[in-house]
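A.B. asks: What follows is a single structure, and I will ask about it in a moment.
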Amino acid sequence: MIKINNLTKKFGKNISLDNVNIEFNKSDYIALMGANGAGKTTLVRSILGYYHPDSGSVEINGLDPIKDRVEVLNNISFVPQLPPPIKLSISELMEYISKSTGVDKGQIEYFSNEMKLDIKANINKSFFTLSGGMKQKLLIAISLARKSKIIIYDEPTANLDPKARDDFYRLLKDNQEDKTLLFITHRLEEVQDIVNREVYMDLGKIVSDKAIII
């Protein structure tokens with residue numbers, strides 16, 4: 001589903017991605033790991049079409065995430081480590097997501113409740129004013145409600161308490177349709193019961209890529 005060929009990305013003299021070759025396929029649940037500066041975020045932003053490569057290519061189901069950006073992003077859900085500064089109320093945000101992606105608002109509410117986020121009690125609150133944990137729960141709920149074939153989570157549990165983390169991983173296990181799930185994480189112990197592949201990066205290169213039996 002994601003094919004990366006000879007991908008190089010530079011920022012000035014710094015090489016963030018150095019001729020990277022890797023594929024992420026349907027039913028791959030990947031832990032993407034490495035020290036800060038290893039190239040993980042640059043790789044993900046290249047997949048999302050945020051960065052233009054200096055050389056090489058990225059294909060999402062055969063599409064270019066830059067040239068075919070709208071179609072590509074229709075098939076990807078992304079939950080960042082730091083929630084964006086959205087000023088819409090929860091009600092307005094759900095309406096926007098529903099109209100722009102066709103997601104059933106009832107599904108967002110369902111997954112929010114499963115994450116122990118009371119949508120109805122907070123429906124008129126601004127997303128921007130919610131606690132970090134509440135923002136993360138809502139973004140996770142939206143990602144699951146969209147039923148995307150590719151979901152990318154960047155340190156998704158950083159703002160979650162232990163119970164919310166358990167709820168999150170339970171929902172992932174309960175919704176393991178044929179999809180590609182990519183975690184950027186420093187907490188392998190949290191995802192090791194879910195992932196079936198561990199990828200390590202260092203200095204802009206893939207240094208290890210191994211399958212895990214779960």
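A.B. asks: I'd like to verify a number: residues in the stretch 118-134 that are surrounded by 14 or more Cβ atoms within 10 Å (Cβ to Cβ) and assigned to a helix (DSSP H, G or I), how many?
C.D. replies: Residues in the stretch 118-134 being surrounded by 14 or more Cβ atoms within 10 Å (Cβ to Cβ) and assigned to a helix (DSSP H, G or I): 5 in total.
A.B. asks: For the stretch 142-156, does any single residue satisfy the condition of being in a helix (DSSP H, G or I), under 19 Å from L82 (Cβ atoms) and among the hydrophobic types (A, V, I, L, M, F, W, C)? Give the derivation first.
C.D. replies: If we filter the stretch 142-156 for residues that are in a helix (DSSP H, G or I), which is where we start, we get 142-145.
So of that shortlist, the ones also under 19 Å from L82 (Cβ atoms) come out as 142-143.
Those still in the list that are among the hydrophobic types (A, V, I, L, M, F, W, C) too: 142.
Taking every residue of the stretch 142-156 in turn, at least one turns out to be in a helix (DSSP H, G or I), under 19 Å from L82 (Cβ atoms) and among the hydrophobic types (A, V, I, L, M, F, W, C).
Per-residue answers, yes or no, for (1) on the phi < 0 side of the Ramachandran plot; (2) in contact with a strand residue (DSSP E or B) (Cβ under 6 Å, 6 or more places away or on another chain); (3) surrounded by fewer than 13 Cβ atoms within 10 Å (Cβ to Cβ):
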| site | (1), (2), (3) |
| --- | --- |
| T157 | yes, no, no |
| D167 | yes, no, no |
| E177 | yes, no, yes |
| F183 | yes, yes, no |
| V191 | yes, yes, no |
| I194 | yes, yes, no |
| R197 | yes, yes, no |
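A.B. asks: Please pick out the residue among I47, I4, I22, I30 that is farther than 24 Å from R187 by Cβ and of a type in the set (A, V, I, L, M, F, W, C). First the steps, then the outcome.
C.D. replies: Numbers: I47 fails: farther than 24 Å from R187 by Cβ; I22 fails: farther than 24 Å from R187 by Cβ; I30 fails: farther than 24 Å from R187 by Cβ.
After ruling out the rest, the residue left standing is I4.
A.B. asks: I've got another one for you. Can you spot a residue in the stretch 164-172 that is in a helix (DSSP H, G or I) and either of a type in the set (F, W, Y) or in contact with a His (Cβ under 8 Å, 6 or more places away or on another chain) (or both)? Working first, answer last.
C.D. replies: Of the stretch 164-172, the ones in a helix (DSSP H, G or I) are 164-172.
Subset that is either of a type in the set (F, W, Y) or in contact with a His (Cβ under 8 Å, 6 or more places away or on another chain) (or both): 168-169.
Checking the stretch 164-172: at least one residue is in a helix (DSSP H, G or I) and either of a type in the set (F, W, Y) or in contact with a His (Cβ under 8 Å, 6 or more places away or on another chain) (or both).
A.B. asks: Kindly indicate whether any position in the stretch 25-39 is at pLDDT 95 or above, surrounded by fewer than 16 Cβ atoms within 10 Å (Cβ to Cβ), out of contact with any helix residue (DSSP H, G or I) (no Cβ under 7 Å at 6 or more places or on another chain) and over 27 Å from L138 (Cβ atoms).
C.D. replies: Looking for residues that are at pLDDT 95 or above, surrounded by fewer than 16 Cβ atoms within 10 Å (Cβ to Cβ), out of contact with any helix residue (DSSP H, G or I) (no Cβ under 7 Å at 6 or more places or on another chain) and over 27 Å from L138 (Cβ atoms), one finds none in the stretch 25-39, hence no.
A.B. asks: Within the stretch 97-111, does at least one residue satisfy the condition of being over 25 Å from E71 (Cβ atoms), at pLDDT 95 or above and either crowded, with 21+ Cβ neighbours inside 10 Å or among the aliphatic types (A, V, I, L, M) (or both)?
C.D. replies: Scanning the stretch 97-111, I find no residue that is over 25 Å from E71 (Cβ atoms), at pLDDT 95 or above and either crowded, with 21+ Cβ neighbours inside 10 Å or among the aliphatic types (A, V, I, L, M) (or both), so the answer is no.
A.B. asks: Sort out which residues of the stretch 148-171 are farther than 14 Å from L32 by Cα and among the acidic types (D, E), and write them in order of number. Explain how you work it out, then say what you get.
C.D. replies: Pass one, the stretch 148-171, residues farther than 14 Å from L32 by Cα: 148-150, 157-171.
Passing the criteria: D161, D166, D167.
To keep it simple, each residue is scored yes or no on (1) under 30 Å from I123 (Cβ atoms); (2) of a type in the set (A, V, I, L, M); (3) in the same structural domain as I123 (by TED's automatic domain parsing); (4) part of a loop (DSSP other than H, G, I, E, B).
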| residue | (1), (2), (3), (4) |
| --- | --- |
| L32 | no, yes, no, no |
| T42 | no, no, no, no |
| G49 | no, no, no, yes |
| P53 | no, no, no, yes |
| V58 | no, yes, no, no |
| L93 | yes, yes, yes, no |
| K99 | yes, no, yes, no |
| V103 | yes, yes, yes, yes |
| G106 | yes, no, yes, no |
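A.B. asks: What are the residue pairs meeting all of these: first residue in the stretch 182-205, first residue closer than 23 Å to D166 by Cβ, second residue loosely packed, with under 14 Cβ neighbours inside 10 Å, Cβ atoms under 6 Å, and 6 or more apart or on different chains?
C.D. replies: N196/I214; R197/A211; E198/K210
A.B. asks: How about the stretch 44-83: which of its residues are exposed (fewer than 14 other Cβ atoms within 10 Å of the Cβ) and of a type in the set (A, V, I, L, M, F, W, C)?
C.D. replies: V70, L82
A.B. asks: Would you tally the residues in the stretch 204-214 being at pLDDT 95 or above, exposed (fewer than 14 other Cβ atoms within 10 Å of the Cβ) and either under 11 Å from A38 (Cβ atoms) or hydrophobic (A, V, I, L, M, F, W, C) (or both)?
C.D. replies: Here the count works out to 1.
The values are calculated or read from the model by the stated rules, or taken from the named source; none is laboratory data. Note that the structure is a prediction, hence the values are computed from the model and not measured. Methodologically, a virtual Cβ is constructed for each residue, glycine included, from the backbone with ideal geometry; neighbour enumeration extends over all protein chains shown.
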